[in-house]
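The block underneath contains the structure these notes are about, expressed in C-alpha cells.
The values are calculated or read from the model by the stated rules, or taken from the named source; none is laboratory data. This is a predicted model, so every value here is computed, not measured. Methodologically, a virtual Cβ is constructed for each residue, glycine included, from the backbone with ideal geometry; neighbour enumeration extends over all protein chains shown. To get the accessible areas, we keep the full protein, side chains included, count just its heavy atoms, and leave off ligands, DNA and RNA. Shrake-Rupley method; radii C 1.70, N 1.55, O 1.52, S 1.80 Å.
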Amino acid sequence: GSVGEIRSRSSSSGSRGFVITREGLMSTGLLSFNRPTTMSFFESSDGWTLGAAGSGGRTFRVGGLQLTTGATISSTSVASGEVLGTVTLNYSKNPSFESNVIFSSTTNQTAYFGCGNLSIGDGTEEGFGFKVVNNTLTALSTNSDGITANETNTTISNITITNSNKYKAVMNSNASEIKYYVNDNLVATHISSNNIPDETDDPVLVTFYISNSAAATKLFISRYVIFSQDN
C-alpha cells in the first residue's frame with residue numbers, strides 16, 4: 001500500500017478487509033459477522049423493556065444509557081434488551097457480552113449488568129456478567145431451578161468503578177466455562193461448579209440494573225453494549 005497506510009492482509013484495494021490511511025481514515029470492505037450479533041449505542045429506547053421503582057428512571061441518548069435511582073431510598077432502575085424475531089439467548093451457543101460502564105458512586109448501591117434476565121427478582125434469574133455492591137466488583141454467574149436463583153460471585157480487585165471501563169464476559173458452552181475480562185485483561189473464570197446458566201430460550205439478551213440502599217442518587221452509565229452467540 002501507500003506509505004503510512006495500514007492494511008489487513010486480505011486487503012489490496014480496500015474491497016476486502018480494511019485500510020487505515022496516514023490521515024487516520026478507515027475504509028472497510030466486506031466485513032461480516034459469522035455469529036448473530038446485536039449492538040446498541042442507546043440512540044433509542046425501542047426494543048428495551050424498562051422498569052423503575054421509587055424515584056428511579058433512565059435516559060437514552062446517542063452514545064449512552066444512563067440509569068438513575070433518584071434520591072429516594074430503595075429506588076431501582078432497569079433496562080432489559082429483548083429479542084427480535086426468533087433469536088433468543090441460548091447458553092448452549094457460546095454467548096458473549098461486552099459493554100463500557102461507568103458508576104457515579106462507590107457507596108449504597110447494587111448493580112447487575114450482563115447476559116440474561118439478571119434482575120427479575122422472582123427466583124428464575126439466569127445469566128452471567130458483573131455485579132457491583134457498593135464499591136465491590138464481582139464476576140457473576142447465576143443458575144435457577146425455577147424456584148431459587150443461585151449466584152456465584154468472584155471478587156475482582158484493583159478496578160476503579162467510577163472510571164470508564166470495558167467489561168466483557170465470554171461463555172464456552174462445551175466446557176461449561178465463562179471467562180471475564182476488564183479492559184481486555186482476564187480477571188476471573190467460572191467453571192461448571194459455579195452456577196453456570198443453562199437456559200436455552202431466554203427472551204432477554206442483556207440486562208442493566210441499579211438500586212440504592214440510601215436516600216441518594218446513584219448513576220450507572222453504559223456507552224454501548226454488544227451481545228453475540230453462535231447460530
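Among the residues of the stretch 186-207, which ones are of a type in the set (S, T, N, Q) and open to solvent by less than 60 Å² (accessible area, probe 1.4 Å)? I'd like the intermediate steps shown before the answer.
Residues of the stretch 186-207 of a type in the set (S, T, N, Q): 189, 192-195, 200, 207.
Thr189, Asn194, Asn195, Thr207 - these are the residues of the stretch 186-207 that are of a type in the set (S, T, N, Q) and open to solvent by less than 60 Å² (accessible area, probe 1.4 Å).
Which one is modelled with the highest pLDDT, of the residues in the stretch 46-58 that are open to solvent by 50 Å² or more (accessible area, probe 1.4 Å), on the phi < 0 side of the Ramachandran plot and not hydrophobic (A, V, I, L, M, F, W, C)?
Arg58
Which residue out of Ala111, Ala149 is touching a Ser or Thr at 6+ places or on another chain (Cβ under 7 Å), buried (at least 16 other Cβ atoms within 10 Å of the Cβ) and aliphatic (A, V, I, L, M)? Working first, answer last.
Working: Ala111 fails: touching a Ser or Thr at 6+ places or on another chain (Cβ under 7 Å).
Just a single option satisfies the conditions, and that option is Ala149.
Which of the residues spanning the stretch 67-83 are surrounded by fewer than 19 Cβ atoms within 10 Å (Cβ to Cβ) and either in contact with a Ser or Thr (Cβ under 8 Å, 6 or more places away or on another chain) or farther than 17 Å from Asn117 by Cα (or both)?
Just the residues of the stretch 67-83 that are surrounded by fewer than 19 Cβ atoms within 10 Å (Cβ to Cβ), to begin with: 71-74, 82-83.
Passing the criteria: Ala71, Thr72, Ile73, Ser74, Glu82.
Would you be able to say whether some residue in the stretch 184-191 is modelled with pLDDT of 95 or more, over 28 Å from Ala52 (Cα atoms) and hydroxyl-bearing (Ser, Thr, Tyr)?
First, pick out the residues of the stretch 184-191 that are modelled with pLDDT of 95 or more: 184-191.
Next, from what is left, pick out any that are over 28 Å from Ala52 (Cα atoms): 184-191.
Still in the list and also hydroxyl-bearing (Ser, Thr, Tyr): 189.
Looking through the stretch 184-191, at least one residue is modelled with pLDDT of 95 or more, over 28 Å from Ala52 (Cα atoms) and hydroxyl-bearing (Ser, Thr, Tyr).
Residue by residue through the stretch 190-212, note down the ones that are part of a loop (DSSP other than H, G, I, E, B) and closer than 25 Å to Gly64 by Cβ.
Looking only at the stretch 190-212, we keep the residues that are part of a loop (DSSP other than H, G, I, E, B), and these are 191-201, 203.
Of everything in the stretch 190-212, just one residue is part of a loop (DSSP other than H, G, I, E, B) and closer than 25 Å to Gly64 by Cβ, namely Pro203.
Of all residues in the stretch 170-185, count the ones that are on the phi > 0 side of the Ramachandran plot and surrounded by fewer than 15 Cβ atoms within 10 Å (Cβ to Cβ). If you could, list the steps in order and put the result at the bottom.
Of the stretch 170-185, the ones on the phi > 0 side of the Ramachandran plot are 176, 183-184.
Adding the requirement that they be surrounded by fewer than 15 Cβ atoms within 10 Å (Cβ to Cβ) leaves 183-184.
So the count comes out to 2.
Among the strands (runs of 3 or more DSSP E) confined wholly to the stretch 109-148, which include 2 or more residues that are touching a residue at least 60 places away in the same chain (Cβ under 8 Å)? It would help to see each step written out before you state the result.
Details: elements: 109-117, 126-133, 136-144.
So the answer is 109-117, 126-133.
Take the residues in the stretch 155-169 that are open to solvent by less than 50 Å² (accessible area, probe 1.4 Å) and in a strand (DSSP E or B); name whichever of them is farthest from Gly64 (Cα to Cα).
From the stretch 155-169, those open to solvent by less than 50 Å² (accessible area, probe 1.4 Å) are 156, 159, 161, 165, 167, 169; that's our starting set.
If we keep only those that are in a strand (DSSP E or B) too, we end up with 156, 165, 167, 169.
Numbers: Ile156: 25, Asn165: 14, Tyr167: 15, Ala169: 20 Å.
By that ranking, first place goes to Ile156.
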